[in-house]
1. Name, by its number, the condition in (1) part of a loop (DSSP other than H, G, I, E, B); (2) buried (at least 18 other Cβ atoms within 10 Å of the Cβ); (3) at pLDDT 95 or above that does not hold for residue 124.
2. Can you tell me which of 78, 110 is part of a helix (DSSP H, G or I), within 23 Å of residue 175 (Cα to Cα), among the aliphatic types (A, V, I, L, M) and out of contact with any His (no Cβ under 7 Å at 6 or more places or on another chain)?
3. What number of residues within the range 41-57 are among the small types (Gly, Ala, Ser) and either surrounded by 16 or more Cβ atoms within 10 Å (Cβ to Cβ) or outside the structural domain of residue 21 (by TED's automatic domain parsing) (or both)?
4. When you scan the range 128-151, do you find a residue that is under 13 Å from residue 192 (Cβ atoms) and without any contact (Cβ under 8 Å) to a residue 12 or more places away in the chain, even just one?
5. If only one of 213, 195, 164 is out of contact with any His (no Cβ under 9 Å at 6 or more places or on another chain) and not in a helix (DSSP H, G or I), which one is it?
6. Scan the range 1-11 and tell me whether some residue there is under 20 Å from residue 164 (Cβ atoms) and touching a residue at least 24 places away in the same chain (Cβ under 8 Å).
7. So, of the residues in the range 80-102 that are in contact (Cβ under 8 Å) with a residue 60 or more places away in the chain and over 16 Å from residue 148 (Cα atoms), which turns out to be surrounded by the most Cβ atoms within 10 Å (Cβ to Cβ)?
8. Would you check which residues across the range 106-127 are over 28 Å from residue 194 (Cβ atoms) and small (Gly, Ala, Ser) and list them?
Amino acid sequence: MTPSTPLRLRDHAYSNFTQKLLARDIDPGQIVSQRELVALTGMPLGAIREMIPRLEADGLIKTVPKRGLQVLSIDLELVRNAFQLRHIIEGEAVSIYCRTASDEDIAQLLAEHQEIRAQATQGVTTEVLQRAQQIDWAFHDRIIDAMGNAIISDIHRVNAIKIRLIRNSDTRMLPELVVPVLDEHLAICAALEARDNSAAIAAIHTHVDSAKRRALGM
């Protein structure tokens, strides 16, 4: 075993855990033991023990004395905190992207959204739904990663896990939301194309606020 092997196993265990969490094979608020995590993730006990401090630091689990490990619970405080964090990070990210992204990158974003929206208006098939979901997640990742700040990118990805847990047991985009969500993205893209920084920030804040209302069923 090389010195980097434990780190790779820990990262693999973390990835397996978050996949199980998003698939709801592990329920929010559930109490689990290390042995149960071994069974759930298929990873060795050593990797699980290495993973736990990272999960605790990310707020995905907490240790409950004499009971075990409690998975993140979904409550109104989590909703408020997670979407407030999105509001802060994505406003700054889109501002930077508006100033620094190439015309080609913005044109590609716009074209991708226009293409899938045109398909969605003809009918939201499974393929269109999956593609729209990919575009939705990739859009936010792309804008945030363009900041070139690994700390913020990592925070964003952990928060994205929490957002997907908040939304409901089905973490995929719902068919009836495809066009509205794409329209919100297109408003951001239009502001980016015009290099209108204020409009881009306002549009992404509107999008985040809409996502929060949808998550709360409002």
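1. (3)
2. Only one candidate qualifies: 110.
3. Adding up the residues that qualify gives 1.
4. From the range 128-151, those under 13 Å from residue 192 (Cβ atoms) are 139, 142-143, 146; that's our starting set.
Within this subset, residues satisfying the condition of being without any contact (Cβ under 8 Å) to a residue 12 or more places away in the chain are none.
So far as the range 128-151 goes, no, none of its residues is under 13 Å from residue 192 (Cβ atoms) and without any contact (Cβ under 8 Å) to a residue 12 or more places away in the chain.
5. Exactly one of 213, 195, 164 is out of contact with any His (no Cβ under 9 Å at 6 or more places or on another chain) and not in a helix (DSSP H, G or I), namely 195.
6. Among the residues of the range 1-11, not one is under 20 Å from residue 164 (Cβ atoms) and touching a residue at least 24 places away in the same chain (Cβ under 8 Å), which makes the answer no.
7. 86
8. Residue satisfying the conditions is 123 alone.
The values are calculated or read from the model by the stated rules, or taken from the named source; none is laboratory data. From a predicted model like this one, the values you see are computed outputs, not experimental measurements. Neighbour counts run over all protein chains shown; Cβ positions are idealised from the backbone, glycine included.
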